[in-house]
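One structure is given below, encoded as structure tokens.
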Amino acid sequence: MDGMPMVQMEPQLQQDLWNKEAVKQGRKFFSRLGLMYFCGTLVIYGVQLVVALVLYLVEPGMLEDANFSLLATMLPMYLVGMPIMIVLIQTVPAQRMPQHSISFGKWILAMIMCYCILYCSNLVGVFVTFLIGLLKGGRVANEIQDITMYVNPIISAVFMVICAPIYEELIFRKLLVDRAVRYGESVAVVLSGFVFGLFHGNLSQFAYATTLGMFLAFIYVKTGRLRYTIFMHMLVNLMGGVIAPLLLKLVDLDALNLALATQDEEVVSQALLEVLPGLLLLFGYVILLLAFVIAGFVLLIVFRKKFRAQPRGIALPKGKYFTTVVCNVGMLLFGVFWIAMIIWQLFQ
């Protein structure tokens with residue numbers, strides 16, 4: 001009888017010891033992973049700052065040109081900063097993802113759902129930034145919108161439709177998911193989304209970048225093929241960052257307002273004729289996007305049971321996932337840095 005309690009407690013004691021060690025090793029792993037993303041962020045900012053400083057010393061007015069300013073920001077990041085970031089992340093051990101193919105038809109359905117998620121979460125982001133703008137008494141800057149409206153569309157397309165999807169999918173999907181998935185698909189998917197959202201550095205993009213990142217991470221987790229998410233990302237950026245601004249530029253509302261102010265019927269009629277083709281194209285594009293959103297919403301309901309992350313690898317104790325994955329030095333450095341950047345951007 002005296003030995004019975006010891007026999008019953010021994011398995012529980014072993015489990016407690018295993019849980020404690022799993023949490024300890026998990027925090028160490030995610031701290032190292034977060035530290036690599038944080039160091040990569042500092043490298044990107046560092047090379048951008050050096051280039052900007054050199055250009056400013058050479059010709060102070062050079063950076064006032066929107067196109068040149070974009071080149072001075074993006075080229076150092078894509079040619080130097082992100083390649084170094086990739087090397088840093090690769091020092092953390094990864095797992096090989098099993099690969100599965102999907103048909104083109106299924107990819108199209110996933111793309112439609114992807115756009116619906118992006119659109120709806122973007123509305124949430126716009127609403128929140130609108131409320132913050134009211135509270136602070138001024139507009140919250142939307143950097144991506146300002147960039148796409150004022151730079152050369154070819155330059156914008158190269159960076160937004162080619163460079164960004166390739167680099168971002170490699171860094172925030174493959175490299176991150178291949179490492180985080182050892183603690184389960186749900187951990188990899190959620191972490192990929194939040195790290196990707198924070199990396200954008202502004203509240204206007206955080207909401208939709210986070211949900212988009214989670215959806216693309218889920219696609220990558222289930223297929224193990226990065227090309228599916230790269231092409232989705234490219235199409236999303238093409239639709240919102242290139243086509244939409246081009247259509248908006250076709251509609252010269254300033255010229256129309258000036259014509260209306262003249263109260264001259266002939267001038268007003270001429271102005272209306274000039275903007276009508278652009279308005280029709282823009283209206284048709286908006287209808288197409290709304291159809292995508294509605295169809296995507298229906299598909300998300302129909303296939304809702306398919307969106308289930310499978311446990312794999314190391315199972316952390318219940319209630320310890322957040323403290324293990326997030327509450328460590330590396331991830332906190334990365335998160336605090338980008339949250340500070342987002343808050344700073346709100347008051348610009």
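Quick look at the values:
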read-out	value
Pair list, Cβ under 6 Å, 6 or more apart: segment 275-295 residue under 19 Å from MET113 (Cβ atoms), other residue open to solvent by less than 70 Å² (accessible area, probe 1.4 Å)	PHE292/ILE112; PHE292/TYR115; VAL293/CYS116; ALA295/ILE112
Residues of segment 218-237 classified as on the phi > 0 side of the Ramachandran plot and among the β-branched types (Val, Ile, Thr), total	0
Unmet criterion (only one of (1) under 30 Å from CYS163 (Cα atoms); (2) surrounded by fewer than 12 Cβ atoms within 10 Å (Cβ to Cβ); (3) modelled with pLDDT under 80) for THR262	(1)
Options GLY319, GLY284; residue that is at pLDDT 85 or above and on the phi > 0 side of the Ramachandran plot	GLY319
Checklist (1) over 25 Å from TYR150 (Cβ atoms); (2) modelled with pLDDT under 95 applied to GLY240, failing item	(1)
Residues being aliphatic (A, V, I, L, M) and open to solvent by less than 70 Å² (accessible area, probe 1.4 Å) - total across segment 317-330	2
Count - residues of segment 18-53 that are within 23 Å of the chain's Cα centre (by Cα), open to solvent by less than 20 Å² (accessible area, probe 1.4 Å) and either polar (S, T, N, Q) or over 25 Å from HIS200 (Cα atoms) (or both)	1
Restricting segment 140-184 to residues that are modelled with pLDDT under 95 and among the acidic types (Asp, Glu), the residue that is farthest from ASN67 (Cα to Cα)	GLU143
Positions within segment 49-104 being small (Gly, Ala, Ser) and modelled with pLDDT of 90 or more, in sequence order	ALA52, ALA72, GLY81, ALA94, SER101, SER103
From ALA164, ALA157, ALA180, ALA209, residue being in contact (Cβ under 8 Å) with a residue 60 or more places away in the chain and crowded, with 23+ Cβ neighbours inside 10 Å	ALA180
Members of segment 71-106 found to be closer than 23 Å to GLY313 by Cα and not basic (Lys, Arg), listed by number	ILE89, GLN90, THR91, VAL92, PRO93, ALA94, GLN95, MET97, PRO98, GLN99, HIS100, SER101
Options LEU135, LEU203: the member that is surrounded by fewer than 21 Cβ atoms within 10 Å (Cβ to Cβ) and more than 15 Å from the chain's Cα centre (by Cα)	LEU135
Residue identified as hydroxyl-bearing (Ser, Thr, Tyr) and farther than 17 Å from PHE199 by Cβ among TYR119, TYR167, TYR78	TYR119
Flag if ALA94 is surrounded by 14 or more Cβ atoms within 10 Å (Cβ to Cβ) and part of a loop (DSSP other than H, G, I, E, B)	yes
Any hit, segment 55-69, residues being open to solvent by 40 Å² or more (accessible area, probe 1.4 Å), assigned to a helix (DSSP H, G or I) and in contact (Cβ under 8 Å) with a residue 40 or more places away in the chain	yes
Scope segment 317-330; condition in a helix (DSSP H, G or I) and in contact with a Phe, Trp or Tyr (Cβ under 6 Å, 6 or more places away or on another chain); matching residues	VAL325
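Per-residue answers, yes or no, for (1) outside any helix (DSSP H, G or I); (2) at pLDDT 95 or above; (3) open to solvent by 30 Å² or more (accessible area, probe 1.4 Å):
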residue	(1), (2), (3)
PRO311	yes, no, yes
ALA315	yes, no, yes
LEU332	no, yes, yes
GLY335	no, yes, no
MET341	no, no, yes
GLN348	yes, no, yes
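The values are calculated or read from the model by the stated rules, or taken from the named source; none is laboratory data. Model, not experiment: these values are computed from the prediction. Counting neighbours? That spans all protein chains shown, and the Cβs are built from the backbone with ideal geometry, glycine included. Only protein heavy atoms, including side chains, enter the accessible area calculation; ligands, DNA and RNA are left aside. Shrake-Rupley method; radii C 1.70, N 1.55, O 1.52, S 1.80 Å.
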